[in-house]
Amino acid sequence: MTQEIRVRFAPSPTGKLHIGNARTAILNWLFARHSGGRLILRIEDTDLERSSKESEEGIYRDLIWLGIDWDEGPDIGGEFGPYRQMERTDIYGKYIDSLLGKGHAYHCFCTLEELDEMREKAQAAGKTDVWYDGRHRNLTAGEKEAFIAQGRKPVVRLKYPDEDISFHDIVKGDLTFPAGSTGDFVIARSDGTPTYNFVVVIDDGLMKISHVIRGDDHLSNTPKQIAVYRALGWQAPQFAHIPMILGDDRTRLSKRHGATSVQGYCEAGFLPAALINFMSLLSWSSPSGDEILSLERLVEEFDFSRVSKSPAVFDNEKLAWMNGMYIRALPLSRLTDLCLPYLEKAGYPLPQRDKLEQIVSLVQDNLERLKDCVEKLEFVFADRVAPATPDAVRMIEKESTPKVFWSFLRQADKVEHLDFAQFRKIMKTVSNETGVMGKDLWMPVRVALTGDIHGPDLPKVVDIFGKERCKKRIESALHLEK
RNA sequence: GGCCCCUUCGUCUAGUGGUUAGGACUCAGGACUUUCAUUCCUGCAACAGGGGUUCGAGCCCCCUAGGGGUCACCA
């Protein structure tokens, strides 16, 4: 019997989509697409305080940007909706009542103060795991009424079984959580709203999720959820707990580690394909050993048997390298499209399209992030440039530099257009005329034209600038010299 | 602290009892080039420690250490 493969990504709309969550989404997506299953997007918005519509929309936007699509979700509906938890409250209520009726759950009237006291007492006694003593497990009708009369509002607790709970995790293997390490936990708050460990089971169960793929920070929640499945009489899905992504300091990646939102990476000019490629290589590897992998290959090759059990540090340097590889592989027109918004935002006066593409081509093999094009191309759009570094100043101040410049200007005047080929010819003539060659010849010209001793191929730059602009910059450099 | 998970170069990883422990990023050096970058080549660099099992352990078992996670009327 082959069960339909259904996986889900279930973020809370409480902020920007985090890179760690995105990784979970990616693995779910890869698994779904690889196995011909379906990906369900579910919005876990039961935290009224922190949830927002903007966050929800941001999640859609970021997933779409990454290239992750889903088959069922709040925005597109589906057979097992609704897909927003706040729209499912009556469903949860029904199952709470059912569990209560069957005696798998019970009302607990303890106050927060009583709970604190209980916790302290347990701790003092050296009992640091289960502290709730189950005192309201078997209340009589009379006792209940007395509490209600006091105005106390009960929570609902699940009767956690007094037995080991074992399950097989697809990535971690066989796991056992010993009896006594978990107590009766709350499945519905005193205001009647259900808690996470309960709704996640109801939703996954009702939505017929076959594989729960999530971060291994959920590992210790799993026995609680299995207890709910059992109380309900439902079969639990398969679990695949993927290792966390860590920051440089080897703690779980979070806001503390800088820009960790998908949006942040988007804005910095990382390409979605590079990001997906890089993140799928965190705790997974291709059997081929290759690292630059297209989306198609990723989908084709992804398999949990090659997912490692240990956490991975997010290496921004390697991501940058990989992004550079993707940028270099882009057709020039596409790269130009992608750089355009950054250049516009910088306020640069942009030329015609073909010219712009030529300009972008100057830095194609030099970019790690799209946003870097702003800085690297500044000299092209600036009115004038000045030597940017001490080394650059030194080249301009070389004794031989003025005669190189003067010679260059004379030669430039002899030609109609200063293009790639003409420039090379002129430089040769300048060299012959002045006796200056090599770095002493090229560097001053480079600095005069671009302001720096490093940069794109000079003939290409000259080709873009044209004769008048080159002359102007050389002349300006001469003034600056004396 | 209890419980759970994890442990191969600085980082990401390959490896499933016999390998000079391989690749990638970073770094260093070299080639190409008028510079930088790209590209190519070379190099540095790892099996956490200790016990077993075995003719033989990175791979199997145990212990220790270290790291991470989780213990809410958050998700």
| field | Rounded tilt (10° steps) of A:222-232 against the dominant C-alpha axis of chain A | value | 40
| request: Rank these for me by crowding, A:PHE239, A:PHE177, A:PHE381, going from fewest to most other beta carbons within 10 Å. | output: A:PHE381, A:PHE177, A:PHE239
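Within chain A, which is the longest segment containing none of the GluC sites (Glu not before Pro) that sit in a DSSP loop and have at most 16 other Cβ atoms within 10 Å? Can you show the working numbers first?
Numbers: sites that count: A:GLU4, A:GLU49, A:GLU79, A:GLU163, A:GLU291, A:GLU397, A:GLU399, A:GLU416.
Looking at chain A, A:164-290 is the longest stretch - no exposed GluC sites (Glu not before Pro) with at most 16 other Cβ atoms within 10 Å.
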| query | Simple spin-label model, 7 Å along Cα-to-Cβ: A:LYS460 to A:LYS376 in nm? | reply | 0.9
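Region A:40-70: which trypsin sites (Lys or Arg not before Pro) are DSSP loop and have at most 16 other beta-carbon atoms within 10 angstrom?
Values: sites: A:ARG42, A:ARG50, A:LYS53, A:ARG61; in loops: A:ARG42, A:ARG50.
Answer in residue order: A:ARG50.
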| message | Just to confirm the number: angle between the C-alpha axis of helix A:467-481 and the first principal axis of chain A, 0 to 90 degrees, nearest 10? | response | 80
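Please list, by residue number, every one of the trypsin sites (Lys or Arg not before Pro) in region A:270-323 that is coil in DSSP and has at most 16 other beta-carbon atoms within 10 Å.
On the way: sites: A:ARG297, A:ARG306, A:LYS309, A:LYS318; in loops: A:LYS309.
For trypsin sites (Lys or Arg not before Pro) across region A:270-323 that sit outside H, G, I, E and B with at most 16 neighbouring Cβ atoms in 10 Å, the list reads A:LYS309.
Given R₀ = 60 Å, FRET efficiency for A:LEU175-A:SER400 by Cβ-Cβ distance, to 0.05? Could you put the intermediate results ahead of the total?
On the way: r = 75 Å, r/R0 = 1.25.
That gives a FRET efficiency of 0.20.
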| note | region A:169-224 and region A:368-419 have their Cα centres apart by a whole-number Å value of 64
| remark: region A:271-422 -> Rg/Rh from Cα coords, Kirkwood Rh, value 1.14
| said: I need the trypsin sites (Lys or Arg not before Pro) found in region A:79-148, filtered to DSSP loop residues with at most 16 other beta carbons within 10 Å of theirs. | reply: A:LYS102, A:LYS127, A:ARG135, A:ARG137
| chain A, helix-only ellipticity at 222 nm - DSSP H runs n ≥ 4, -39,500 (n - 2.57), divided by all residues, nearest 500 | -14000 deg cm²/dmol
| Once both labels are modelled 7 Å past Cα along the beta-carbon direction, what's the A:MET118-A:ARG410 spacing in nm? | 9.8
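Calculate the translational D of region A:330-381 in whole µm² s⁻¹ from Stokes-Einstein, where the hydrodynamic radius comes from the Kirkwood formula applied to all Cα pairs, the temperature is 37 °C and the viscosity 0.692 mPa s.
In µm²/s, the coefficient rounds to 307.
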| request: For A:LYS309, go through the lysines and keep the ones whose alpha-carbon is under 20 Å away, minus same-chain ones fewer than eight residues off. | output: A:LYS172
| Running Debye on region A:382-482 with equal point scatterers at the Cα sites and no solvent, what base-10 log of I(q)/I(0) appears at q = 0.17, 0.19, 0.21 Å⁻¹? | -0.66, -0.85, -1.06
| Taking the Cα atoms of region A:178-245 alone, what are Rg (to one decimal) and Dmax (as a whole number) in Å? | 12.4, 36
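Of the listed pairs A:LYS439/A:LYS471; A:LYS371/A:LYS425; A:LYS376/A:LYS467; A:LYS94/A:LYS224; A:LYS255/A:LYS376, which have alpha-carbon separations greater than 24 Å here?
Violating the 24 Å Cα-Cα cut-off are A:LYS371/A:LYS425; A:LYS255/A:LYS376.
Based on the Cβ-Cβ distance of A:ARG469 and A:GLU300, what FRET efficiency does E = 1/(1 + (r/R0)^6) give at R0 = 41 Å, to the nearest 0.05? Can you show the working numbers first?
Numbers: r = 50 Å, r/R0 = 1.22.
So, using R0 = 41 Å, E works out to roughly 0.25.
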| said: Just to be sure I understand the model, the point goes 7 Å from the Cα along the line to the Cβ. What's the resulting A:SER166 to A:MET437 distance in nm? | reply: 8.2
| message | With the alpha-carbon atoms as the only input, what is the per residue convex hull volume for region A:227-274 in Å³? | response | 159
| field | Within chain A, percent of DSSP bridges classed antiparallel, to nearest 5 | value | 50
| Using Cα atoms only, what is the angle between the long axis of helix A:89-101 and the major principal axis of chain A, expressed in degrees (0 to 90) to the nearest 10? | 30
| note | Cα-Cα pairs in region A:252-301 separated by more than 16 Å, as a whole percent of all pairs, come to 47
| Cα centroid of region A:281-341 to Cα centroid of region A:422-482, whole Å | 40
| task | Name all residues of region A:1-43 having a backbone nitrogen under 11 Å from the label point set 7 Å from the Cα of A:GLU87 along its Cα→Cβ direction, giving them as ranges. | result | A:43
| note | The FRET efficiency for A:SER254 and A:ALA346, from their Cβ-Cβ distance with R0 = 35 Å and rounded to 0.05, is 0.65
| field | Descending principal axes extents, chain A, alpha-carbon based, whole Å | value | 109, 51, 37
| request: Any chance you could list P(r) for region A:88-242, counting all Cα-Cα pairs in 10 angstrom bins from zero, rounded to whole %? | output: 10, 37, 35, 16, 3, 0
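Any read-out appearing in this document is the output of simple, stated calculations on the displayed coordinates, not a laboratory observation. Predicted model only: the values in this text are computed from it and were never measured. Every residue, glycine as well, gets a Cβ built from its backbone with ideal geometry; the counts of neighbours run over all protein chains shown.
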